[in-house]
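To start, the structure under review is shown below, and the notes come after it.
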Amino acid sequence: MRSDPGTEFCVDIVVKGRKTEVPERFRKHVAEKLKLEKIQKLDGKVISLDVEVSKELNPRQADRSDRVEITLHSRGPVIRAEAAASDPYAALDLAADKLEARLRKQHDKRYTRRGARRISAAEVADHVPGAATLNGNGSVVHEEEPEAVPTKRIGSLEVKGDGPLVVREKTHVASPMTLDQALYEMELVGHDFYLFVDSETKEPSVVYRRHAYDYGVIHLSTDPMVAKAQQAPAGGALGG
């Protein structure tokens, strides 16, 4: 199917099923749900949209049996969004919302870059760290350099002064989430990895981007032998 030929751009929408049939009613719902006018406002270089529907036959995955993946091709970067639900219509709605959120984020980034104003020479020192300061005659004002701090190396790390060695540390409060939610959050923030607590195992895990459009996940679990050794007393009792 294609967008209205009367619009400025013609966009192809290709709907296909992977190991499942796609009814005509669903194809019409895709055309209604993916509002091309709104998509073109957020990304004027869009060329086509691929919508792939697949079905999970495992009865244990009944609540996530239908998966919909949307791939947007444009003259810019390819954008993907996917979701799973108990029926293809609900999965399509979730995937379409994710796609719109990612398009809006990219649109806002482009708008922010375009809206950045030029700064005058007098403002350079206020905006650019380390920039030279000029006096009223246009000559460089030489500031006194602070006394050099001795630097030493400890292994592969470089430490200034006498230490102690300080490593930047952050602690975040995280609610357990599913793998799909973690992938969505990673795409939303635009990072190549995302640390989360798996809602099934309650263990820390990391999802990361691999080559092409593949993703990887690393799960961490506690070694029971190591944990047992750490809980053992440091020394034995002395007999009388």
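The values are calculated or read from the model by the stated rules, or taken from the named source; none is laboratory data. Keep in mind the model is a prediction, meaning the values are calculated, not measured. Note that we place each Cβ from the backbone using ideal geometry, even for glycine, and neighbour counts take in every protein chain shown. With ligands, DNA and RNA removed, areas are computed over all heavy atoms of the protein, side chains included. Shrake-Rupley method; radii C 1.70, N 1.55, O 1.52, S 1.80 Å.
Here is how the numbers come out for the structure above:
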quantity	calculated
Single match in Ala95, Ala85 (criterion: farther than 22 Å from Arg209 by Cβ and not β-branched (Val, Ile, Thr))	Ala85
Residue match in segment 213-226 (condition: open to solvent by less than 100 Å² (accessible area, probe 1.4 Å), within 30 Å of Ala96 (Cβ to Cβ), assigned to a loop (DSSP other than H, G, I, E, B) and modelled with pLDDT of 75 or more)	yes
So Ser48, is it hydroxyl-bearing (Ser, Thr, Tyr) and within 21 Å of Tyr184 (Cβ to Cβ)	no
Subset of segment 21-47 [outside any helix (DSSP H, G or I) and surrounded by 15 or more Cβ atoms within 10 Å (Cβ to Cβ)]	Val22, Leu34, Asp43, Val46
Test: residue in segment 1-8 that is hydrophobic (A, V, I, L, M, F, W, C) and modelled with pLDDT under 80	yes
Residue ID - farthest from the chain's Cα centre (by Cα), chosen from residues in segment 17-62 that are β-branched (Val, Ile, Thr) and over 18 Å from Asp93 (Cα atoms)	Thr20
Positions within segment 23-74 being closer than 17 Å to Asp180 by Cα and polar (S, T, N, Q), in sequence order	Ser54, Gln61, Ser65, Thr71
Residue tally, condition in a loop (DSSP other than H, G, I, E, B) and among the β-branched types (Val, Ile, Thr), over segment 185-212	1
Of residues in segment 48-92 being of a type in the set (Asp, Glu) and within 18 Å of Gly17 (Cβ to Cβ), the one least open to solvent (accessible area, probe 1.4 Å)	Asp66
